[in-house]
Every structure is written in structure tokens, then in C-alpha cells.
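Engineer: One structure, as C-alpha cells, below. Some questions next.
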Amino acid sequence: MGELSPPPPAKIAVNPVQKKAPWLYAFWKFSRPHTIIGTSLSVLGLSAIALSGKLDLLWDDGQFVSASLATVAIAWIACLCGNIYIVGLNQLEDIEIDQINKPDLPLASGEYSLRQGRFIVGLTGLSAIILALLGGPFLWATVGISLGLGTAYSLPPIRLKRFPFWAALCIFTVRGVIVNLGLFCHFSWAFSGDTAWNLPAIPPTVWVLTLFILVFTFAIAIFKDIPDIEGDRQYNITTFTIRLGTVSVFNLARGVLTVCYLGMILASVPLQGYLNPVFLAFVHLVLLSVLWWRSMNVDLEDRKAIARFYQFIWKLFFLEYLLFPIACLLRY
């Protein structure tokens, strides 16, 4: 019998952006796309909620529309710069760990030098501060507190990420409390035209959204370490996954997310004067069902399967900043 020739090597698909503009593709990876999308949607979602009570001005006042677009643009760019600073600083401090857990990141793979990484982090951090100052006191407070906690999370000697409780607290405080309340106050203040620094009234809808995102982000914070267990263990980064085990943390995160969705479904009734309760309850019931269906098919022995489910959780996070503002707008 003749010898069987080996099959030709499989062709690896190359991202068009990676081929034509490798520097741009590397920067996109450095920025951690899922966090960029989450930050962008939170800015747009909270601005939409703040504008939901001013629809008459949006239709009739061109000057108000222009000023509102400028306000949203400044806040968006400031938050994006702050986001890149925080995730970039974390990569600068975790190069060795990322070479095990996330070897495709630019610093871990060598696409970026240490000097380039520091330059990007320094530039985006400074830009975030300057833009936040231009935006007003509430945006400055939101961005400033976020940068402070992000620095404490990654940078020695504090380096809160070494401690499971403080690491989780840092993440869901920024994503859950600071971003939601801070940005809503900023947009409400900016859209009102008030020159004084009076703290705007926060409606029940924003408190409910903040509580939902706060608890949801806790689930993200504890789940994110499941696929990174090997690198964290080698470099003595204590996480809930290392302490409790993969199965326990997976079930805990799923349980927390279930509580989030059930809570939002129940909250739709008392919030009916502020949003469309039928829409809110229905979409969250659907998402809860999809969450459980997807979670039942995750192989906890497969790191890639866990990573895919983690990205799915982020997609659910993204959806909330689309669906909740829509529910607010549909009350009319």
C-alpha cells in the first residue's frame, strides 16, 4: 500500500485590520474590546435615560441637540481614555502572568514594548483627566475616582487584585456605582443648563439600574478569574476560583446573575410610572432563560468554553445598557 501524505496545514484566518494596520489591531487588543464596548454603551445608555425626560427639547430645539451631542462626546472620549488607562496599567503590571493566561495581548506577545505601553497608559490617563475637567464637576469626579481605584487595583504597593474581596469590590464599585450614578448626575446637570454645582435628583430607575449593574458586575468580577487560574496560581494571585474551585465559582456567578434578572422582573411593577414594565419584564425573562440554557452546556474542563461563556456574560452586560433605556423611552 502507498504511504498516506500528511494533510496540508490548515490556513489560519487573518483579521483584515491585523494585515493592513497591525498597529491599530494591536491597540484594539491592548484596549480590551469588551471593556471598551461596555464603557461606550454605559455612556450612551445613561445619557439616553437622562434625556428621556427632555424629548420635547430634542425635537424642537436644535441648539439643545448640538449641546447635548457635544456633552455626550466629551464624556464618551474621557471615559474611553480612562478605560484604556486602567486596562493598560493592569497589563503593564501583569506581563508575566498574561504570558500564561492571555499570551495574545500586545505586551505579553511582544507586539508592544514596555516603553510603548507606558506611553499609551500615560497619554490616555492624562487625556481622561483633562477632558473630564472640561466636562464639569460630576464627570471629573466620576473619571477621577475610577482612575484612582483602577490604579489601586493594579499598581504596587497597594495592588488590590492580590486580594479576592478587595479586587471584586474595586471592579463592581467602579462599574456598578461610580459609572452609573456619576454619569447620570453629569448628564442631568449638563442637560439642565444649571451653572451651579447642584446635585441632580436621581430617579428610581437609575437606582434600580445601578443595583442591577452592581450585582451583575460582582458576577463578572468573580467569573473573570476562572479561565486565568493557572497564571494566577503560579504568581500567587489569590482569587475566589483558587480558594473555592471552578465549579463553586461558576455556580455562584450563575446564581448571582439569576438574582439580577429576577430582581429586575419584579422591579418592573413598581417602576411602571417611569418605564414600560411589560417590555422590561419580558426581555429579562427571555435573557434569564438564555443564560441558563447556555450555562448548562459549558464544559468546565475546557478553558476555551469557559472563556466563551465569560464573553457571553459580557454581552448580557452590554444588552442591559440598550434594553433599559429603551424601556424608559417606551413609557411615552
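The values are calculated or read from the model by the stated rules, or taken from the named source; none is laboratory data. What you are looking at is a predicted structure, and each value in this text was computed from that prediction instead of being measured. A quick note on method: Cβ atoms are made from the backbone with ideal geometry, for glycine too, and the neighbour counts reach across all protein chains shown.
Engineer: Go through segment 72-120 and give me each residue that's closer than 18 Å to residue 155 by Cα and among the aromatic types (Phe, Trp, Tyr).
Structural biologist: 85, 119
Engineer: Another one. For the structure I just gave you, tell me whether residue 145 is on the phi < 0 side of the Ramachandran plot, among the aliphatic types (A, V, I, L, M) and crowded, with 18+ Cβ neighbours inside 10 Å.
Structural biologist: Criteria not met by residue 145.
Engineer: It is to be established whether one or more residues within segment 183-196 are under 21 Å from residue 263 (Cα atoms) and under 16 Å from the mean Cα position of the chain (by Cα). Don't jump to the end; show me each part of the working.
Structural biologist: Filtering segment 183-196 for residues under 21 Å from residue 263 (Cα atoms) gives none.
There is no residue in segment 183-196 that is under 21 Å from residue 263 (Cα atoms) and under 16 Å from the mean Cα position of the chain (by Cα).
Engineer: Do we have any residue at all in segment 133-141 that's crowded, with 17+ Cβ neighbours inside 10 Å, of a type in the set (Phe, Trp, Tyr), without any contact (Cβ under 8 Å) to a residue 24 or more places away in the chain and farther than 24 Å from residue 34 by Cβ? Step through it out loud before you land on a result.
Structural biologist: Here is the first cut: in segment 133-141, the ones crowded, with 17+ Cβ neighbours inside 10 Å are 135-136, 138-140.
Next, from what is left, pick out any that are of a type in the set (Phe, Trp, Tyr): 138, 140.
Keeping just the survivors that are without any contact (Cβ under 8 Å) to a residue 24 or more places away in the chain gives 140.
If we keep only those that are farther than 24 Å from residue 34 by Cβ too, we end up with 140.
Yes: one or more hits.
Engineer: Moving to a separate point now. Of the residues 251, 297, which single one is under 26 Å from residue 170 (Cα atoms), outside the structural domain of residue 53 (by TED's automatic domain parsing) and at pLDDT 85 or above? Don't jump to the end; show me each part of the working.
Structural biologist: Working: 297 fails: under 26 Å from residue 170 (Cα atoms).
Result: 251 is the single residue among 251, 297 that is under 26 Å from residue 170 (Cα atoms), outside the structural domain of residue 53 (by TED's automatic domain parsing) and at pLDDT 85 or above.
Engineer: Condition first: buried (at least 19 other Cβ atoms within 10 Å of the Cβ) and either over 20 Å from residue 35 (Cβ atoms) or of a type in the set (S, T, N, Q) (or both). Can you find one or more residues in segment 91-102 that meet it? First the steps, then the outcome.
Structural biologist: So in segment 91-102, the residues buried (at least 19 other Cβ atoms within 10 Å of the Cβ) come out as 91, 94, 97-98, 101-102.
When the remaining residues are screened for being either over 20 Å from residue 35 (Cβ atoms) or of a type in the set (S, T, N, Q) (or both), the result is 91, 101.
Yes, because at least one residue in segment 91-102 is buried (at least 19 other Cβ atoms within 10 Å of the Cβ) and either over 20 Å from residue 35 (Cβ atoms) or of a type in the set (S, T, N, Q) (or both).
Engineer: Hey, among the residues in segment 1-42 that are in contact with a helix residue (DSSP H, G or I) (Cβ under 7 Å, 6 or more places away or on another chain) and at pLDDT below 65, which one's farthest from residue 117 (Cα to Cα)? Even if it seems obvious, please write down each step before you answer.
Structural biologist: Step one: of segment 1-42, the residues in contact with a helix residue (DSSP H, G or I) (Cβ under 7 Å, 6 or more places away or on another chain) are 15, 17-18, 24-26, 29-32, 34-42.
Of the ones still in play, those that are also at pLDDT below 65 are 15, 17-18.
Numbers: 15: 22, 17: 20, 18: 19 Å.
In this case the residue turns out to be 15.
Engineer: Give segment 43-55 a look and list any residue that's part of a loop (DSSP other than H, G, I, E, B) and at pLDDT below 80, or say none. Before you say what the answer is, go through the steps one by one.
Structural biologist: Just the residues of segment 43-55 that are part of a loop (DSSP other than H, G, I, E, B), to begin with: 52-54.
Across segment 43-55, the qualifying residues are 53, 54.
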